[in-house]
Amino acid sequence: MKGNEALGEAALRAGCRHFFGYPITPQTELSAYLSKVMPKVGGTFLQAESEIAAINMVLGAASAGVRAMTSSSSPGISLKCEGISYIAGSDLPCVIVNVQRGGPGLGGIQPSQADYWQATRAPGHGDLHAIVFAPSTVQEMVDIVFRAFDKADEYRMPSMILADGMLGQMMEPVEFPEREVHKVEKPWATNGHKGERKHNIVNSLFLQPQQLEDKVKERFARYDLVKQNEVLAEEYLTEDADIVLVAYGASSRISRSAVNSAREKGIKAGLIRPITLWPFPEKNIQAACKTAKAFLTVEMSMGQMVDDVRLAVNGARPVYFYGRTGGIIPSPAEVLGQIEEISGGVK
Amino acid sequence: MSNNEKQLHIIVGHYGSGKTNFAVNLALELQKQGNQVALADMDIVNPYFRSADFTDMLTQKGIRVVTPPFANTNLDIPSVTAEIDALLELKDTHIILDIGGDDAGAAVLGRYSQKIKDRGDYEILYVINRSRYLTQEADDTVQVLREIEMASRLKGTGLVNNTHLSEETTPEIVENSFAYADAIAQKTGLPILYTAVRRDLLPKIDAKGRELFPVDIYVKTPWQNF
């Protein structure tokens, strides 16, 4: 299946019956797919008049307690940021997909990873976070959609799936395992009190500063739980690695190819692949410092995740960066060249 | 095999059924047989993984490649070049048109449909893949063809059974697609003109009397190209 379609099908199977979107390359197949299949299962597919409208429809649907999703690509996500902030400020769960393309501005339609800072630092204004997932295969996109909905419900916060154009457009075999949809009680939902309970209010406006501070602190206590419990990363050949690459998404596939070639040449290279970008797998990075003489972060950007790698390494080892941007994907040969250069320096 | 008296080969099908990879293989095969060959990337819906990616390789082999002016750039414009009209005038050349997926992609053919019908010597090859989600059943696959025919204002003339599951393709996956292809052939009245099989799998497949068309894999992900 095509990555974008797999995201759509997985959302259906995860119990999502409310999708609001607006087309943008290279993400459009996701909405196109759901526009075809959502009506067949009695769900709501709505192409909104804009990205801003779509994210606010997600806010409304999530308020009513249903699983809601929207998807877009980089420029469209910027438009959604206001709504994402309101969703986080209202403690609502939802899933937002970003199939990244080149930026800034209108940028381009080729794959990119230049929205890392936006996703992990400021998916909207205010003190807030989204749980950010970074799949690297079409199969993993499917698995992560389930997880993204579950975790959003569990922590009452938005989940973001940070894919890229390559993952969205490529075809890979995929399996949809039979999975139970986790039903989470949502006593806060504004789904009609039927005269049986007090009415619920979903809101991000707090008139008293103290009230707002208390609310934000309570939210950050939940973020701490997310940091403790929800970090995901995959390690590949890191046990004895001299040079540890750090890469996510499509860059991690390139890096893995480069690591394999480096090993064939007798260079002990390994790869840490963050699966959650927020929270970031800093403990994996720190543990790798035991053997690693140097780190190499590979991204389709001018260097964004490398900040988190440097924070985790905290000066203990040199951290190098290699990236291409503007919609250009680094080639395995280019990354291998970087590994060889660093390995020449650290021997 | 396809009737070689037909000079215009138009490749349509569901998204991701393998149209581009088949188109590239067909171009190379026709050229090997000593023909003049031209391949046009007429995909107006898919931004990546398209015939334009193989322009250098095909051009070096002497195959003329026509691509939309903005293919593989950052401009998201569904455009076709006027060169397509010139191409359709050629009489001594095998012309392959690689069309975008589904009815959305096939819409590009609409404006050329009369010209194509006037030429007469054309075939509309419908690429099918049983491993592809949403076209795993014969009825669904026929439905996609009908949508393509409606959008392109042209009727399908033959089937290309291109059933595969990428790197995970097994001989069984191919063999189990024969009955599926037969069912589609029966429902549509179209002949199965090609049964495309990855070259290395050929000796392992019980073709059950079918002629197999060996294909090499050109459409790859960046990490498969080292």
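In chain B, helices alone account for a calculated mean residue ellipticity at 222 nm of -8500 deg cm²/dmol, with every DSSP H run of four or more residues adding -39,500 (n - 2.57).
Per residue of A:168-178, what is the mean number of Cβ atoms on other protein chains within 10 angstrom of that residue's Cβ?
Mean inter-chain Cβ contacts per residue within 10 Å come to 4.
Compared with the dominant Cα axis of chain A, that is its longest principal axis, helix A:332-346 is turned about 60°. On a 0 to 90 degree scale, rounded to 10, what angle separates helix A:249-264 from the longest Cα axis of chain A? The helix A:249-264 is inclined about 20 degrees to chain A.
In the protein assembly as shown, the portion of solvent-accessible area held by carbon and sulfur atoms comes to 51 percent [1.4 Å probe, whole percent, DNA, RNA and ligands not counted]. Using a Gaussian network for chain A with springs between C-alpha atoms less than 10 Å apart, which of these wobbles most: A:His129, A:His182, A:His18? Maximum fluctuation in the GNM of chain A, among the listed residues, is at A:His182. Heavy-atom accessible surface of chain A, averaged per residue, reaches 40 Å², computed with a 1.4 Å probe.
Once every DSSP H run of n ≥ 4 in chain A is given -39500 (n - 2.57) and the sum is divided by its residues, what mean residue ellipticity at 222 nm do you get, rounded to the nearest 500 deg cm²/dmol? Don't skip to the end; give the middle numbers.
Values: 12 runs with 147 residues, N = 347.
The helix-only estimate for chain A comes to -13000 deg cm²/dmol at 222 nm.
Rounded if a/c is under 1.5, else prolate if a/b is larger than b/c, else oblate: which is region B:44-92, with a ≥ b ≥ c the root eigenvalues of its Cα gyration tensor? Don't skip to the end; give the middle numbers.
On the way: a/c = 2.76, a/b = 1.29, b/c = 2.14.
Oblate.
In plain terms, the C-alpha convex hull of region B:8-225 casts an average shadow of 11.7 nm² when viewed from every direction. For region B:203-226, accessible area lost to neighbouring protein chains reaches 50 Å² or more, against the chain alone with a 1.4 Å probe, at B:Pro222, B:Trp223, B:Phe226.
Counting only other chains, and only Cβ atoms inside 10 Å, what mean value do you get across the residues of B:58-70?
Details: counts 0, 0, 0, 0, 0, 0, 0, 0, 0, 0, 0, 0, 1.
The per-residue average across the peptide is 0.
The C-alpha atoms of chain A define a longest principal axis, and helix A:138-155 lies at about 50 degrees to it. Annotation: extensible slack from A:Ala189 through A:Glu239 equals 13.3 nm (criterion: 0.36 nm per residue apart, minus Cα-Cα distance). If you take the Cα centroid of region B:201-226 and the Cα centroid of region B:1-70, the two points sit 17 Å apart.
For the chain pair B and A, the buried solvent-accessible surface (1.4 Å probe, both sides summed) amounts to about 2400 Å². Accessible surface calculations at 1.4 Å, restricted to protein heavy atoms, place region B:8-225 at 41 Å² per residue. Largest accessible area first, the residues A:Arg222, B:Arg210 order themselves as B:Arg210, A:Arg222 under a 1.4 Å probe with ligands, DNA and RNA left out.
For region A:183-252 versus region A:94-115, the inter-centroid distance based on Cα atoms is 23 Å.
Just need the relative contact order of region A:1-42 here, percent rounded to a whole number, with Cα pairs under 8 Å and 6+ apart.
Numbers: 24 pairs, mean separation 22.2, N = 42.
Reported as a whole number, the value is 53 percent.
Structure remark: mean-square fluctuation, Gaussian network model of chain A, C-alpha springs under 10 Å; the largest value among A:Leu128, A:Leu232, A:Leu207 belongs to A:Leu207. How would you classify region A:234-346 from its alpha-carbon gyration tensor, with a ≥ b ≥ c the square roots of the eigenvalues: rounded for a/c under 1.5, else prolate if a/b is greater than b/c, otherwise oblate? Rounded, since a/c falls under 1.5.
Spread over its residues, the convex hull of the C-alpha atoms of the protein assembly as shown is 166 Å³ per residue. Interface burial in region A:102-124 reaches 30 Å² or more for A:Ile109, A:Gln110, comparing the full protein assembly with the chain by itself; accessible area from heavy atoms with a 1.4 Å probe.
Please sort by residue number the trypsin sites (Lys or Arg not before Pro) in region A:120-189 whose DSSP state is loop and whose Cβ has at most 16 other Cβ atoms within 10 Å. It would help to have the intermediate numbers written out before the result.
Details: sites: A:Arg121, A:Arg147, A:Lys151, A:Arg156, A:Arg179, A:Lys183; in loops: A:Arg156, A:Arg179, A:Lys183.
Of the trypsin sites (Lys or Arg not before Pro), the ones in loops of region A:120-189 whose Cβ has at most 16 other Cβ atoms within 10 Å are A:Arg179, A:Lys183.
Taking every residue in B:73-81 and counting other chain Cβ atoms within 10 Å of its Cβ, the average works out to 3.
Determine the distance separating the Cα centre of region A:53-69 from the Cα centre of region A:274-325; give it in Å without decimals. If you average the Cα positions of each part, the centres end up 35 Å apart. Taken along the Cα-to-beta-carbon direction at a fixed 7 Å, the label points for B:Phe70 and A:Leu311 span 3.8 nm.
Between A:Ile52 and B:Ser113, how high is the FRET efficiency from 1/(1 + (r/R0)^6) when r is the Cβ-Cβ distance and R₀ = 45 Å? Nearest 0.05.
Details: r = 40 Å, r/R0 = 0.89.
About 0.65, to the nearest 0.05.
In region B:11-55, the residues whose accessible area drops by at least 50 square angstrom when the other protein chains are added to the isolated chain are B:Pro47, B:Tyr48, B:Phe49; the probe is 1.4 Å and only protein heavy atoms count. Based on Cα contacts under 8 Å between residues 6+ apart, region B:8-225 shows a relative contact order of 23 percent. Candidate membrane-span-like segments in chain B, meaning DSSP H helices with Cα atoms spread over at least 18 Å of their own axis and a Kyte-Doolittle mean of -0.5 or above, are B:19-32, B:138-152, with no membrane implied. Residues within the reach of a label modelled at A:Leu225 (point 7 angstrom out along Cα to beta-carbon, backbone nitrogen below 16 Å), restricted to region A:80-97, are A:91-94. Picking from A:Phe220, A:Phe149, A:Phe20, which is most flexible by a Gaussian network model of chain A using Cα springs under 10 Å? Top of the fluctuation ranking is A:Phe220. Does region A:13-140 come out rounded, prolate or oblate by the C-alpha gyration tensor, with a ≥ b ≥ c the root eigenvalues, rounded set by a/c under 1.5 and, if not, prolate when a/b is larger than b/c and oblate if not? Taking the square roots of the gyration eigenvalues as a ≥ b ≥ c, region A:13-140 is oblate.
Based on the Cα gyration tensor of region A:27-78, what are the three equivalent ellipsoid semi-axes, each the root of five times an eigenvalue, rounded to whole Å and given largest first? Please list the in-between numbers first.
On the way: eigenvalues 61, 50, 13 Å².
Largest first, region A:27-78 gives 17, 16, 8 Å.
The values are calculated or read from the model by the stated rules, or taken from the named source; none is laboratory data. As the structure is a prediction and not an experimental result, all values here were calculated from the model. Note: ideal-geometry Cβ built from the backbone for every residue, glycine included; neighbour counts use all protein chains shown. These area figures cover heavy atoms from the full protein model, side chains too; ligands, DNA and RNA do not enter into them. Shrake-Rupley method; radii C 1.70, N 1.55, O 1.52, S 1.80 Å.
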